[in-house]
Every structure is written in C-alpha cells, then in structure tokens.
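Student: Provided herewith is a single structure, encoded as structure tokens, for subsequent inquiry.
The values are calculated or read from the model by the stated rules, or taken from the named source; none is laboratory data. Given the structure is predicted, the values throughout are model-derived calculations rather than measurements. Here Cβ is always computed from backbone atoms with ideal geometry, including for glycine, and neighbour counts include all displayed protein chains.
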Amino acid sequence: MSHTTTRADPAQAATSVTPDLARLQAVRRQALGQLKTERSFDAIVVFSQGGALGAAARSHAYLRLFIDWDGVDQPSMLVLAAGRSVLFVTNPFQIAPAAAVPGVDEVVFARPAEVGSRLAKLFAALGLPAAPSLGLCGLPEMPVQTWQSINAALPGLHHADCSAELDAWRVHKQQAEIDGLDRAAGICDHLFERLGGLLHEDRAAWQVQRDIEHAAFMAGAEYCKTWLTIAPWADGPRYLKRENLRAPRAGDQVLLGLMLKLDGYWGHAIRMGSWREAQPEHRRLHDVVLRMFEAALPHCRVGGDLRQAEADINAVLDQHLGAVPRAGLSRFRNGHGLGLAYEEPLSVSAFPQHADPGVAPPPRSLAVTAEGVFELHPNFFIRGVGGAALGDMIHASRQPARRMLVSDLGYQVWR
C-alpha cells in the first residue's frame, strides 16, 4: 500500500525550531534548488536514517539542513524536483506530522521495497525523463532493499554524490545554528547541575543514567544518550546497564559523558570527579587532562590548525605520564566537529580514534574556519590507577575560542 498527501493547511503547520532556524532552512532549500540547476540534475534526493540511532547514523543531519523533520526510528527521503519538495516516509503514523512540516509540498508513504515505484510515479507526473539524472546524498546509509527498488523502477538512471557541497554548508555555522548549539549546551549544564542530587549509595549507576536521560527529555531534548563510569578507578566510558550495576562508594571516581540533541543540534560534554572524597592520584589525573584541554583550546580559533591541537594534547600527556606502561593506557578520540551530526564531516580527520583496535589514519591538517563548532574532550585511562576526561563544546569565533558550557571544568566532589 502507498499513500500520498498534499501539504497541510499552513495555519496548522507545526515546527519545533526557532523562527531563525526555520528561515535558514528555507534559504538552504533555495540553495539546494540552485545546486540542482548548476549540476544539471533532474532531481536531488536526500536520504536520511532516523536520528534514534544517534551517533551511529549520520544521514539524518543532511535532512535537517532543509526541513524540521527527523524520522526518528524510520528512514525518510526528501526529493526536490520541478520546483516541488516531496517527503517520502516509511512509517504510516508519520504521514500526518510530516504533512505539517514547513517547506514540504507533498508527503508520500511507501514501504522500503516500494520507494522506487513511487519515485518513478512521481517523476512521471512531474514530466521528468524516464532515465533521470539524480543528485544523491545519504546513499551509504540507504538500505539495499530501497536502493534496489529505485534501480529496478528507474533503469538507466544516472546519479552523482552531492554530499560534498552539503558538507560545506554544515561546517560553516550560521548564527541561528550557533544559538541552537548554545541551547543544547544549556541542557548539558542543567544535567551536570543535577548529577550530585541523583547520586546515592542505594542507586546503581545505570539507574542514575536513566534519571539523567529523563531530565534531558524533560528539558526538551529529542535524544539523549549517556556514559557513566563509577568505579574505584575509571577504566573508560561505560554505556550499558550490565557495565553499571554498581552503586557509588566513597572514594569512587565518577565520570559522566552527555550526548543529546535539541532541534537537531547536538549538545556534548564530559565532567569528572569523585563520590564523597577524592583520592590524591585522581586529582592529579584531572590536573593532567585539564592541561591537555587548555593546551588544545587556543588552536580552536579561526585560523588555528586542529592537527596541532591533537599534537599538543599528546605532548602534554607524554610529559606527565612518566613510567606508565603504554600497555595499560587506553584512550578515545580527543575531539570532533559538532552540529547537526555528532561528528561533523571534515573536522573528524584531525583527531584519530585512539580506541580503534586497528591502525587509525594519522591526523590531517585542518584549518579552523569562521563559526566552526567543535567538541574538545582530551582523555586517558590507566589500568589500575584511574582515568580522566573533560569535554566541552567550543565555538571558534573570530575572537578567542569560546567554551559554550558554563559549568566548571574543575574536579568535583559530589556528596
């Protein structure tokens, strides 16, 4: 079964984003139309996995450039052709809310295996060639079943990847997007403020995680995932319930990582401390990771090189590790770009993923451009000793780089 509905009454249209973000999305829809003309495409197709997978999927970020829509746990597809903006959804319960999205002229429901036939029918109605030229974005995350249906229904189609142009739009943040990221950072601040009141000896760490995530949703977040490590010595990020059955005990290290979205924009930060009392060695680890953060921060300004930020983080760590065997050391990525995706394209290349058991590519030189936003979170964990991680959102304005959270980076002792 398939279904088509036209645009809802504008008076009934609902959007979760601010007027400034809505205007920016409209401007970018116009720019997408210009891109279609410049590259002689008959249509542009932007495929998007729903944002329920969080950092595990990236294509949802492309769709949020243009419309206030996220399929959550289902894929969606925006088609721009013949001056019309058509949104394909694969969940029948999303037809009505999708029809109320500003900038959408028509909503088409089709199961994944039917997307191709419905797309061919749409193109025929719009007078497009039987073998159209398509600009595609999000293809790496498109289900094989959907891609096969498109190829079967449109034999001879020509397609080209247009994600590179869209990536450039994502790197250069407009003021409305900076404001959106600031609001997401505000929820992170709120959750760090709540943490002390949620920790208790009779509550397992996984229960505290659920309380934190609930607080994020009640503050307006559309997505929230946490890692919380509560242990005599922190051994790395702990995400799963099975890792977090233990309740805090005096002297335990406590590290909390937040990953959330508000109006499509990510908030992300890490804080660390202890429960009731702090071990001197854990305070020393914090001092080292804070120096790592402070060494990298100056490079996150306009004109800075993020590869140098990575190098300075590593230099500080090497200076302070002393005789710690490398076999007992573990780390994850020290930073990445942040925006509509948890890891924005291009900027990730400057920060290797140290947790990768394979050989990570070497860091690439990457100049910071105006209005970039990054997550900076240096970290290290030493087996049998403890761990340290601090993370904050950084706005690379033309002035010195700005921390977007206001909560203290100092060592916390929660009582």
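Student: If the requirement is being in contact with a helix residue (DSSP H, G or I) (Cβ under 7 Å, 6 or more places away or on another chain), buried (at least 20 other Cβ atoms within 10 Å of the Cβ) and under 14 Å from V254 (Cα atoms), which of these qualifies: L390, L366, L405?
Tutor: Sole residue among the options that is in contact with a helix residue (DSSP H, G or I) (Cβ under 7 Å, 6 or more places away or on another chain), buried (at least 20 other Cβ atoms within 10 Å of the Cβ) and under 14 Å from V254 (Cα atoms): L390.
Student: On the basis of being in a loop (DSSP other than H, G, I, E, B), in contact (Cβ under 8 Å) with a residue 24 or more places away in the chain and buried (at least 22 other Cβ atoms within 10 Å of the Cβ), does P248 make the cut?
Tutor: So P248 passes the test.
Student: What's the number of the only condition in (1) farther than 19 Å from L258 by Cα; (2) touching a Phe, Trp or Tyr at 6+ places or on another chain (Cβ under 8 Å) that A370 fails to meet?
Tutor: Status for A370: all satisfied but (2).
Student: Against the definition (in contact with a helix residue (DSSP H, G or I) (Cβ under 8 Å, 6 or more places away or on another chain), within 23 Å of F217 (Cβ to Cβ), surrounded by 15 or more Cβ atoms within 10 Å (Cβ to Cβ) and at pLDDT below 95), how does A8 come out, yes or no? Let's see the steps before the verdict.
Tutor: Details: in contact with a helix residue (DSSP H, G or I) (Cβ under 8 Å, 6 or more places away or on another chain): yes; within 23 Å of F217 (Cβ to Cβ): no; surrounded by 15 or more Cβ atoms within 10 Å (Cβ to Cβ): yes; at pLDDT below 95: yes.
Judged against the criteria, A8 is not a match.
Student: While we're on this one: Of the conditions (1) within 19 Å of the chain's Cα centre (by Cα); (2) surrounded by fewer than 22 Cβ atoms within 10 Å (Cβ to Cβ), R210 satisfies every one except a single condition; which number is it?
Tutor: Here R210 meets the rest and fails (1).
Student: Being within 25 Å of E222 (Cα to Cα), touching a Phe, Trp or Tyr at 6+ places or on another chain (Cβ under 7 Å) and crowded, with 22+ Cβ neighbours inside 10 Å, is that true of even one residue in the stretch 156-172?
Tutor: So far as the stretch 156-172 goes, yes, one or more of its residues are within 25 Å of E222 (Cα to Cα), touching a Phe, Trp or Tyr at 6+ places or on another chain (Cβ under 7 Å) and crowded, with 22+ Cβ neighbours inside 10 Å.
Student: May I pose another question? Across the stretch 260-276, what is the number of residues that are outside any strand (DSSP E or B) and either more than 10 Å from the chain's Cα centre (by Cα) or acidic (D, E) (or both)?
Tutor: Selection size over the stretch 260-276: 2.
Student: Look through the stretch 293-329, keep the residues that are in contact with an Asp or Glu (Cβ under 8 Å, 6 or more places away or on another chain) and within 11 Å of P378 (Cα to Cα), and return whichever of them is surrounded by the fewest Cβ atoms within 10 Å (Cβ to Cβ).
Tutor: For the stretch 293-329, the residue satisfying everything is A295.
Student: Are any residues in the stretch 172-204 of a type in the set (A, V, I, L, M, F, W, C), touching an Asp or Glu at 6+ places or on another chain (Cβ under 7 Å) and either within 18 Å of R23 (Cβ to Cβ) or outside the structural domain of W266 (by TED's automatic domain parsing) (or both), and if so, which ones?
Tutor: Those that are of a type in the set (A, V, I, L, M, F, W, C), touching an Asp or Glu at 6+ places or on another chain (Cβ under 7 Å) and either within 18 Å of R23 (Cβ to Cβ) or outside the structural domain of W266 (by TED's automatic domain parsing) (or both): A176, I178.
Student: Still on this model: Give the residue that is modelled with the highest pLDDT, with candidates limited to residues of the stretch 351-365 that are farther than 23 Å from L260 by Cα and among the aliphatic types (A, V, I, L, M).
Tutor: My answer is V359.
Student: Considering the stretch 104-117 alone, what residues qualify as being out of contact with any Leu (no Cβ under 6 Å at 6 or more places or on another chain) and buried (at least 22 other Cβ atoms within 10 Å of the Cβ)?
Tutor: Within the stretch 104-117, V108, A110, V115 qualify.
Student: When you check A269 against the structure, is it surrounded by 20 or more Cβ atoms within 10 Å (Cβ to Cβ), under 21 Å from A185 (Cα atoms) and touching a Leu at 6+ places or on another chain (Cβ under 8 Å), yes or no?
Tutor: yes
Student: Another question about this same structure. Going through the stretch 369-387 one residue at a time, which ones are surrounded by fewer than 24 Cβ atoms within 10 Å (Cβ to Cβ), part of a loop (DSSP other than H, G, I, E, B) and either modelled with pLDDT of 90 or more or acidic (D, E) (or both)?
Tutor: E371, R383, G384, V385
Student: Let me ask another. Any chance you could count how many residues in the stretch 380-399 are under 25 Å from H320 (Cα atoms), more than 23 Å from the chain's Cα centre (by Cα) and not aliphatic (A, V, I, L, M)?
Tutor: So the answer is 5.
Student: Can you list the helices (runs of 4 or more DSSP H) lying wholly within the stretch 96-192 that have 2 or more residues being acidic (D, E)?
Tutor: 163-171
Student: Checking the structure you have, find out if any residue of the stretch 264-279 is more than 30 Å from Y223 (Cα to Cα), at pLDDT 95 or above and β-branched (V, I, T).
Tutor: Residues of the stretch 264-279 that are more than 30 Å from Y223 (Cα to Cα), as a first pass: 276-279.
Imposing the further condition that a residue be at pLDDT 95 or above reduces the set to 276-279.
Narrowing the set further to residues that are β-branched (V, I, T) leaves none.
Within the stretch 264-279, not a single residue is more than 30 Å from Y223 (Cα to Cα), at pLDDT 95 or above and β-branched (V, I, T).
Student: Hey, another quick one. Does any residue of the stretch 304-323 turn out to be without any contact (Cβ under 8 Å) to a residue 40 or more places away in the chain and in a loop (DSSP other than H, G, I, E, B)?
Tutor: Within the stretch 304-323, one or more residues are without any contact (Cβ under 8 Å) to a residue 40 or more places away in the chain and in a loop (DSSP other than H, G, I, E, B).
Student: Considering only the stretch 220-232, how many residues are without any contact (Cβ under 8 Å) to a residue 40 or more places away in the chain and surrounded by fewer than 17 Cβ atoms within 10 Å (Cβ to Cβ)? Can you show your working first?
Tutor: First pass over the stretch 220-232, keeping only residues without any contact (Cβ under 8 Å) to a residue 40 or more places away in the chain: 224, 226-228, 231-232.
Retained after the next criterion (residues that are surrounded by fewer than 17 Cβ atoms within 10 Å (Cβ to Cβ)): 232.
Result for the stretch 220-232: 1.
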